[in-house]
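*Asks:* Got a structure for you, written out below as structure tokens; questions coming shortly.
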Amino acid sequence: MTNVRHPSVRVRLAVMATAGAVVALVLLSFSINTLLERTLVADVDMRLADRARAVIAEITENGTNEPLLETVDPEFREPLLVWRFSAAGVAAPAGDISAPSLQLPRGGHLSPGILTERIGGTRFRLRVDKAPGGGVIAVGASLASMDHTIGALHLVEVLIEPVLAALIFVAAYLFARTALHPVERLRSTAEQVGYGASQTRFRPEPPLDELGRLASTFDDMLDRLEQVRGRQDQLTADASHELRTPLAAIEAEGSLALRHERTTEEYRASLSLIVEEAQRMAEVVEEMLWLARADGGVTVPAAEPQDLGEAARQVARRFESIAEARGLRLECSAPDEPVLLAAPARWLQRLLDTLVDNACKYTPAGGTVRL
């Protein structure tokens with residue numbers, strides 16, 4: 001199966017942030033352009049309304065069809081043009097001798113209202129009102145300056161938005177890299193743990209944020225796993241040591257029984273010892289399982305009065321064949337009266353087994369082990 005390399009999380013986050021920012025910029029640009037155009041058109045409409053009222057008032061007051069109106073705007077804005085159409089639809093000049101040369105497409109069929117017309121390739125904003133005595137008065141202004149402004153704004157937006165998108169991508173990538181640095185540290189530490197560095201921990205520094213608390217949880221989990229592994233190792237070592245003693249006793253007793261001819265009673269005694277050690281092995285296995293549960297929180301067995309002298313004599317009888325097989329003498333000296341102590345019976349036996357087993361193991365041949 002071919003591994004497909006996907007973009008890193010940092011790149012994906014930067015791309016998503018940039019895409020969102022570009023969408024926001026486009027919507028913002030559209031809103032600004034729409035608002036600006038509406039504002040400029042509203043300003044032109046107000047000028048047209050003022051001029052239309054002035055033209056109608058001049059015609060009404062002077063009773064002339066050719067009112068002398070100033071058409072040059074003192075603020076150097078687009079000049080306002082005036083057309084007068086009779087009821088028959090015939091155009092007549094009204095205040096601006098240049099106006100009639102710009103023919104309105106619909107002429108006298110214009111109805112009162114505000115509209116946008118294209119005249120000679122230029123957009124005009126027109127306000128049409130009923131004229132005194134019949135016909136209509138049309139007041140218009142070119143929208144060329146507004147269109148030029150809006151076009152320049154569009155050009156600036158087209159040039160700036162890619163640059164802004166690139167800057168946003170770089171900033172988002174750097175931010176994502178900084179934000180994901182703790183995640184990379186978690187990954188690196190987890191990799192070390194996976195390769196066997198069991199003592200490696202994340203150890204987040206305060207104050208703990210979400211990632212810091214996650215790292216702290218990982219540390220607690222690793223500590224528990226280390227404790228479990230330690231208990232498993234200890235259980236393995238205990239099982240090895242506990243099973244070695246009965247196996248050694250069985251081997252030694254069997255070897256001695258086969259080495260020399262013995263009476264029926266001696267064979268029965270050897271077989272009884274072998275059976276006893278086999279049962280002891282079964283008990284050891286059962287206790288190893290119990291210890292595994294005890295490490296998980298099971299309550300330890302209650303202590304009971306034990307006779308230390310009798311326990312010592314039992315251990316001496318068990319290790320007698322082992323000591324003989326190794327060329328050792330095993331002597332046990334215990335008083336007849338009880339020597340009592342409080343302990344779990346099996347734990348006391350395990351303790352004495354360990355002591356005597358080590359003594360037999362490290363005493364040179366021909367030596368003596370005294371219990």
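The values are calculated or read from the model by the stated rules, or taken from the named source; none is laboratory data. If you're wondering where the values come from, they're calculated on a predicted model, not measured in any experiment. With ideal geometry, Cβ positions are generated from the backbone for all residues, glycine too; neighbour counts draw on all protein chains shown. Calculation scope for accessible area: heavy atoms of the full protein, side chains included, ligands and nucleic acids excluded. Shrake-Rupley method; radii C 1.70, N 1.55, O 1.52, S 1.80 Å.
*Asks:* Taking the residues in segment 328-371 that are charged (D, E, K, R) and in contact with a strand residue (DSSP E or B) (Cβ under 7 Å, 6 or more places away or on another chain) as candidates, determine which candidate is most open to solvent (accessible area, probe 1.4 Å).
*Replies:* The initial filter retains those residues of segment 328-371 that are charged (D, E, K, R), namely 329, 331, 336-337, 346, 350, 353, 357, 361, 370.
Going one step further and asking which of them are in contact with a strand residue (DSSP E or B) (Cβ under 7 Å, 6 or more places away or on another chain), we end up with 329, 331, 370.
On the way: R329: 141, E331: 68, R370: 172 Å².
Among residues in segment 328-371 that are charged (D, E, K, R) and in contact with a strand residue (DSSP E or B) (Cβ under 7 Å, 6 or more places away or on another chain), the one most open to solvent (accessible area, probe 1.4 Å) is R370.
*Asks:* Among the residues of segment 224-268, count how many are small (G, A, S) and open to solvent by 60 Å² or more (accessible area, probe 1.4 Å).
*Replies:* Number of matching residues: 1.
*Asks:* Return the total of residues in segment 129-150 being without any contact (Cβ under 8 Å) to a residue 60 or more places away in the chain and either open to solvent by less than 30 Å² (accessible area, probe 1.4 Å) or in a loop (DSSP other than H, G, I, E, B) (or both). Talk me through it step by step, then tell me what you get.
*Replies:* In the first step, residues of segment 129-150 are kept if they are without any contact (Cβ under 8 Å) to a residue 60 or more places away in the chain; the result is 130, 134-136, 138, 147-148.
Restricting the remaining residues to those that are either open to solvent by less than 30 Å² (accessible area, probe 1.4 Å) or in a loop (DSSP other than H, G, I, E, B) (or both) gives 134-136, 138.
Of the residues in segment 129-150, 4 are without any contact (Cβ under 8 Å) to a residue 60 or more places away in the chain and either open to solvent by less than 30 Å² (accessible area, probe 1.4 Å) or in a loop (DSSP other than H, G, I, E, B) (or both).
*Asks:* Have a look at P301, P338 and point out the one that is more than 23 Å from S270 (Cα to Cα), in contact with a Phe, Trp or Tyr (Cβ under 9 Å, 6 or more places away or on another chain) and outside any helix (DSSP H, G or I).
*Replies:* Values: P338 fails: in contact with a Phe, Trp or Tyr (Cβ under 9 Å, 6 or more places away or on another chain).
One residue alone meets the criteria, P301.
*Asks:* Pick from segment 277-301 the residues that are open to solvent by 80 Å² or more (accessible area, probe 1.4 Å) and within 25 Å of L340 (Cβ to Cβ): which of them is modelled with the highest pLDDT? I'd like the intermediate steps shown before the answer.
*Replies:* Going residue by residue through segment 277-301, those that are open to solvent by 80 Å² or more (accessible area, probe 1.4 Å) are 279, 283, 286, 289, 293, 299-300.
Now narrow it down to the ones that are within 25 Å of L340 (Cβ to Cβ): 283, 299-300.
On the way: E283: 74, T299: 59, V300: 68.
For segment 277-301, the residue satisfying everything is E283.
*Asks:* Also, I was wondering about something else. Just for segment 31-53: of the residues that are surrounded by 14 or more Cβ atoms within 10 Å (Cβ to Cβ), of a type in the set (A, V, I, L, M, F, W, C) and closer than 19 Å to V139 by Cα, which one is farthest from the chain's Cα centre (by Cα)?
*Replies:* A52
*Asks:* Hey, another quick one. Taking segment 151-170, which residues are closer than 30 Å to R123 by Cβ, surrounded by 12 or more Cβ atoms within 10 Å (Cβ to Cβ) and of a type in the set (A, V, I, L, M, F, W, C)?
*Replies:* Listed by number, the residues that qualify are L153, I160.
*Asks:* Of a type in the set (V, I, T), modelled with pLDDT under 80 and open to solvent by less than 70 Å² (accessible area, probe 1.4 Å) - does that describe any residue in segment 70-87?
*Replies:* Filtering segment 70-87 down to residues of a type in the set (V, I, T) leaves 71-72, 82.
With the extra rule that they be modelled with pLDDT under 80, the set shrinks to 71-72.
Subsequent filtering for residues that are open to solvent by less than 70 Å² (accessible area, probe 1.4 Å) retains 71.
There is at least one residue in segment 70-87 that is of a type in the set (V, I, T), modelled with pLDDT under 80 and open to solvent by less than 70 Å² (accessible area, probe 1.4 Å).
*Asks:* Among the listed residues A215, A249, A190, A179, identify the single one that is in a helix (DSSP H, G or I), at pLDDT 75 or above and farther than 30 Å from T354 by Cβ. Can you show your working first?
*Replies:* On the way: A215 fails: at pLDDT 75 or above; A249 fails: farther than 30 Å from T354 by Cβ; A190 fails: at pLDDT 75 or above.
Exactly one residue qualifies, and that residue is A179.
*Asks:* So which residues in segment 106-128 are at negative phi, surrounded by fewer than 19 Cβ atoms within 10 Å (Cβ to Cβ) and either assigned to a strand (DSSP E or B) or among the β-branched types (V, I, T) (or both)? Can you show your working first?
*Replies:* At the first step, the residues of segment 106-128 found to be at negative phi are 106, 108-112, 114-119, 122-128.
Pick out the ones that are also surrounded by fewer than 19 Cβ atoms within 10 Å (Cβ to Cβ) and you get 106, 108-109, 111-112, 114-119, 122-123.
Within segment 106-128, I114, L115, T116, E117, R118, I119, T122, R123 meet the criteria.
*Asks:* Check off (1) open to solvent by 50 Å² or more (accessible area, probe 1.4 Å); (2) without any contact (Cβ under 8 Å) to a residue 12 or more places away in the chain for G20 and give me the number that stays unchecked.
*Replies:* So G20 meets the others, but not (1).
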